[in-house]
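For reference, the structure is listed below as structure tokens.
The values are calculated or read from the model by the stated rules, or taken from the named source; none is laboratory data. Just so we're clear, the structure is a prediction, and the values are computed from it rather than from any experiment. Because the Cβ atoms are built from the backbone with ideal geometry, glycine has one as well, and the counts that use them run over all protein chains shown. To get the accessible areas, we keep the full protein, side chains included, count just its heavy atoms, and leave off ligands, DNA and RNA. Shrake-Rupley method; radii C 1.70, N 1.55, O 1.52, S 1.80 Å.
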Amino acid sequence: MTTVAAGGATSDRATSDRAAGGRGRGGGRGRGGGRRGSAVSGWVAVNTVIVVVSLVPLAWLVSLSFKTPASVGDGHFVPRHWTWENYRGIFDASLFTRALVNSIGIALISTVLAVAVGAMAAYAVARLVFPGRRLLVGLALLIAMFPQISLVSPLFNLWRQIGIFDTWIGLIVPYLTFSLPLAIYTLSAFFREIPRDLERAAAVDGATPWQAFTRVIVPLAAPGMVTTAILVFIFCWNDFLFAISLTSTESSRTVPAAIAFFTGASQFAQPIGSIAAAAVVITIPIIVFVLVFQRRIVAGLTSGAVKG
Amino acid sequence: MAGRVPSAGPGVPSAPGAGPAPGVGRVAVPGRGPRVGLTAQQRAQRRLGWLLCAPAVVVIVAVAGYPIGYAVYLSLRRYDLRFPAQSSFVGLGNYATVLGSSLWWKALAVTVVITVVSVVVEFVLGMALALVMHRAVVGRGLVRTVILIPYGIVTVVAAFGWQYAWTPGTGYLSGLFGDAAPLTSQTWGVAVIVAAEVWKTTPFMALLLLAGLALVPDELLRAARVDGAGPWARFTRVMVPLMKPAILVALLFRVLDAFRIFDNIYVLTGGSYDTRSVSILGYDNLFTALNLGVGSSLSVLIFLVVALVAFVFVKGFGTAAPGGEREAGR
Amino acid sequence: MVTGTVVVVAGPRPRWRVRRSGGVAGLLSGRGGRCLSGGRSAGGGRRRAGRGRVGLVAAVCAVVGLVGCASSGPARGPVTVRWYVYDESSGSFAKAAADCSAASRGAYRIAISVLPNDADGQRAQLVRRLAAEDSSMDVLALDVTWTAEFAEAGWIVPFDAASARAITAGTLPVAVRTGSWRGRLYAAPLNTNVQLLWYRKDLVARPPVTWAQMLAQARALAAAGKPHLVEVQGAQYEGYTVLFNSLVASAGGSILSADGSRVELGEPARRAVEAIAALAHSGAADPSWSNQREDDNRLAFETGSAAFQLNYPFIYPSARANAPDLVDRIGWAQWPSLVAGRPSHTTVGGYNLAVSSYSRHPGQARAAIGCLRSRANQIRTAVDGGLAPTLEALYSDRAFIEGGYPFAAAIYAALRHASVRPQTPAYQSVSLQIADRLSPPGSASVSALGGLRGAIEDALDSKGLVP
């Protein structure tokens, strides 16, 4: 960690691909330039370690997904007999493909809603003075702490009574609810770091608080919004408990729930190959999602010039 | 704290989290004045605050209110789905049952160990990862994307992968410990569970900390260096204080989640060898034994323990916590 | 893999044919044109306590026929009977549903609602719906251990005497026992399952008859440096309770009294624990024994490191597919006994079919059950899906034996002696306690039995926590 800090902000920024608005370029390059070679190789080494540790367990799942049923238990890290059968199997059945569509749709909608609703509440918490502010913060934390296993059965009954059981809405609503605590906490932590002068300047220019929020705060909090969006998306994407409890058909079943319906060759056989293949496939949207939003994080950081 | 932050010059009007900012803001900001006789602006602010919070409050109360209330109600009753005729009000009897059982205390101890160890390790690793991602000269995009993959994998599936990996014969990792099967003892079982948990959720920590790091102004670090602060001092005295809100959120939510750990244990050991967490215990009593009374009281107790932890956290972080006194009136 | 929900629609048929078929079947059963109410009254079946003895085939037709009659009321088109069942991997359940819908001649169509693959997941979904009195459930596929629980909770209705007689005629008695509670038949046996001792013919000349012999042979193989492991379930889960139950029964005892009200255990339980401990300390146990389930045992056996395996017949088709060079060297014998000269009593498994108390079409549901477990459907499920049938006659049926059950005779013998897991509404709690108190197998000791007795007694009263 020490090395990391010693690397110095300026030299990194200067050599990075981000246009930092000219900020900090001056003296940085000269000082950083001499150590550049060793720094690069150091980073390559660090990055390699991180990538390997992150990906080896995934590679193991990929390996399992390409193994034949006969060799799935052989313990070799690299399959001896490769097969596409597991992937063919899951894409042959609407069980998985429909679930994939449901997962993407439900997770995206929930994320957008959670970030929007969460951002509004977080702004109020971070910036405005009104009675009940602390109550909201406590309330949000409260529902984040209650064990969800004792909540699904009442929700199941409620959903059936009001007719949203086994619908997209029926999953979006709890996902929105249970990701709000994280969204509110994360976003308010970011909003409060944005200098108040900006809003004040906006107010002087005649902007209403709402305009200040949407035109000034939200764009500036982009890194926080994107971070929150990624975390919420992954939360919705990975949820099993609500998905298995509040759905019953392909019309709304998401992938983690669908995996519970995979069948092996017999009652006792774990369909480990299909499960691994499904896991690999549903990791791809996550990567795409992150890649898309990475740009926003970067953009948010560079526009941070206003901070200084 | 404000005193430790090196003078940042006029370019940094508010050093967030580091105390009240000097200068213009204080007097002009509404909310500091006497409560009586709200100005029009204060009233507008109130209204906007309520309006902005309304959607969140409505959703939270509508969706979570009834189930939580129902669970609390059930926890006060003898209510076993298999014996519907025996339902009755038992007051705190279910709580006495749970608190009088060694199963609860053993599970609580295991859960605390798993929570503390995994969150500490995750925090250290997550901070290191965040710094790497923030500072890396090369391959930053790659690292940022790659580290999120573990977090993105469905927990149950990842756990299946680990279970295969650690089982002699079917896995590549079991050989690390000779012939022994690591998942067949409490110590190693918990270690494997923690490892799986750390691998999976460190990215969560790292991402939140990274976003916090992004808010640390370079100018402040530069100024600190000019003032002769070493790397460690810059980290502990400039970066960490400024990142406090992000650190709080990351730690708090990880603790809340880690304390309710379920999937990894369920797949890896099924709770055998006293590797059972309180959530596994809750699942067994609610879903398997269908004893909704005792199961619900377990849930409420888990909630109370978590709430206590959260309370300590929020108090410990003081004004860095959302809703803390400082920020709204700054 | 079959799609999530298979809805099988029987083709439209002229109404007169429905009536006529009802009439013919009615004649066969000697019940004329009597109609089932088809209403929601759960007691409907009970009140019609039957008259006249009917054979199996006649009974199936009769129920089908009666339903035809029932549905010829104001309802338009066939009544939908919703069958909640897991997705059998060969698709034989879906085919049976389609065939039965067609054979009902418009009386009903069976729509499958697929349940998760694991038994706990199935039970969670069923219970959640039943607790909410979901009227969309008609036929439920129940694990053999759930009968007492679902019956006592009032979630399933018993079969009337006539239907019960029709179902039990020709059905394996042990399977019938699993579907019965307090003297009434609540669930009709669909398929069954039982473990055998699988061994390597190239390593073991004569299969062991007793547990002690098995361990001795394993030790001898180990001394000779050959594959010697004994593969058996040892993780802390239902399968470990099954092992304990098999051992206790084979030692001549039981875990609970027949009515499920008292704890028995005693000397047979002591012998069972000693058998587990003996294996654990023999060097023949798999290093992962305490974390192994059925499929882990199968995998380990297929890798060739084991000489013995106590497991269900699914391992045989699996070996044929995954380890073709091994399959010809796999022999089978009865589960080892604990008492020399006495047969072992392994634990019966499988699934039964019951009618939900909240069904709006209990008559059609009963009819559908009769058809779903018909001879033809059981043969298909056995041959395609490898699930052992519950009709005794099939165990000498060539189509069945040659369709992949060369060990049919051994299965039949095991089923004749098989034991049933404790029958009590609190079975799940009892099982959790057993698996917890005796885990891990390596530290299972006779001294744990005292605590186990108290824990089971508490579980029976639903007192205290379950692990």
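Return the FRET efficiency for the residue pair C:R342, B:L308: r is the Cβ-Cβ distance, R0 is 45 Å, and the value is rounded to the nearest 0.05. Working from the Cβ atoms, E equals 0.20.
For C:G331, the residues whose amide H sits under 5 Å from its own are C:Y199, C:R200, C:K201, ignoring neighbours fewer than 5 places away on the same chain, with H placed 1.01 Å from N. Residue pairs exceeding 30 angstrom between C-alpha atoms, taken from A:K67/C:K201; B:K200/C:K95; B:K200/B:K315: B:K200/C:K95. Taking all protein chains as shown and a probe of 1.4 angstrom, C:C371 keeps an accessible surface of around 20 Å². Nonpolar atom fraction for segment B:115-197, defined as the carbon and sulfur part of the 1.4 Å probe accessible area, stands at 73 percent.
Taking all protein chains together, B:S101, A:S65 sort by accessible area into B:S101, A:S65, largest first [probe 1.4 Å]. The mean count of C-beta atoms from other chains within 10 Å of the C-beta of residues in A:115-126, rounded to a whole number, is 5. Residue ranking by accessible heavy-atom surface, 1.4 Å probe, largest first, among B:L76, B:L51, A:L291 comes out as B:L51, A:L291, B:L76. Here is the interface size for C with B: some 2700 Å² of accessible area buried, both sides summed, with a 1.4 Å probe.
Among beta bridges identified by DSSP and lying wholly in segment C:78-198, the antiparallel ones come to about 15 percent. For segment C:276-316, heavy-atom accessible area (probe 1.4 Å) falls by no less than 40 Å² from the chain alone to the full protein assembly at C:P287, C:S288, C:S290, C:N291, C:D295, C:L299, C:F314. Taken residue by residue and averaged, Cβ atoms of other chains lying within 10 Å of the Cβ of B:77-89 number 4. Close amide H contacts of C:T210 (hydrogens built in the peptide plane, cut-off under 5 Å, sequence separation of 5 or more or a different chain): C:S337.
Quick check: pseudo-label points 7 Å beyond the Cα along Cα→Cβ at C:A258 and C:D328, how many nm apart are they? Label at C:A258, label at C:D328, 4.9 nm between them.
Using the Cα gyration tensor of segment A:40-135, with a ≥ b ≥ c the square roots of its eigenvalues, what is the shape: rounded (a/c below 1.5), prolate (a/b larger than b/c) or oblate (neither)? It is oblate, given that a/c is not under 1.5 and a/b is not larger than b/c.
Between chains B and A, what is the buried accessible area in Å², counting both sides, with a 1.4 Å probe and ligands, DNA and RNA left out, to the nearest 100?
Buried: approximately 10500 Å² between A and B.
3J(HN,Hα) along segment A:50-56: 4, 5, 5, 4, 5, 9, 4 Hz, from the Karplus curve 6.51 cos²θ - 1.76 cosθ + 1.60 with θ = phi - 60°, whole Hz, x for Gly and Pro.
Could you order C:K95, B:K244 by accessible surface area, starting with the largest, using a probe radius of 1.4 Å?
On the way: C:K95 90, B:K244 55 Å².
Result of the area sort, largest leading: C:K95, B:K244.
Fully extending the segment from B:V113 to B:V240 would add 43.2 nm, taking 0.36 nm per residue of separation and subtracting the current Cα-Cα distance.
Ranking B:T288, B:I147, B:G270 by Cα position along the charge dipole of segment B:102-329, where only Lys, Arg, Asp and Glu carry charges on their C-beta atoms, puts B:I147 farthest toward the positive end. Of the Cα atoms belonging to segment C:328-394, the radius of gyration and Dmax stand at 17.4, 53 Å.
Ellipsoid semi-axes for segment C:268-372, based on the Cα gyration tensor and the rule √(5λ), read 35, 22, 14 Å when sorted largest first. Here's how it looks for C:A188: its modeled amide H is under 5 Å from those of C:L353, C:A354, which are all 5 or more places away or on a different chain.
Once C binds A, the 1.4 Å probe can no longer reach about 2500 Å² of accessible area, counting both sides. Solvent exposure of B:T269, expressed as accessible area, is near 10 Å², computed with a probe of 1.4 Å over the protein chains only.
In the complete set of protein chains, residue-level accessible area for A:V52 is approximately 80 Å², probe 1.4 angstrom. A Förster radius of 56 Å, combined with the Cβ-Cβ distance separating C:S396 from B:Q186, puts the computed FRET efficiency at roughly 0.65.
Annotation: lysines with alpha-carbon distance below 24 angstrom to B:K106 (same-chain offsets under eight excluded): C:K463.
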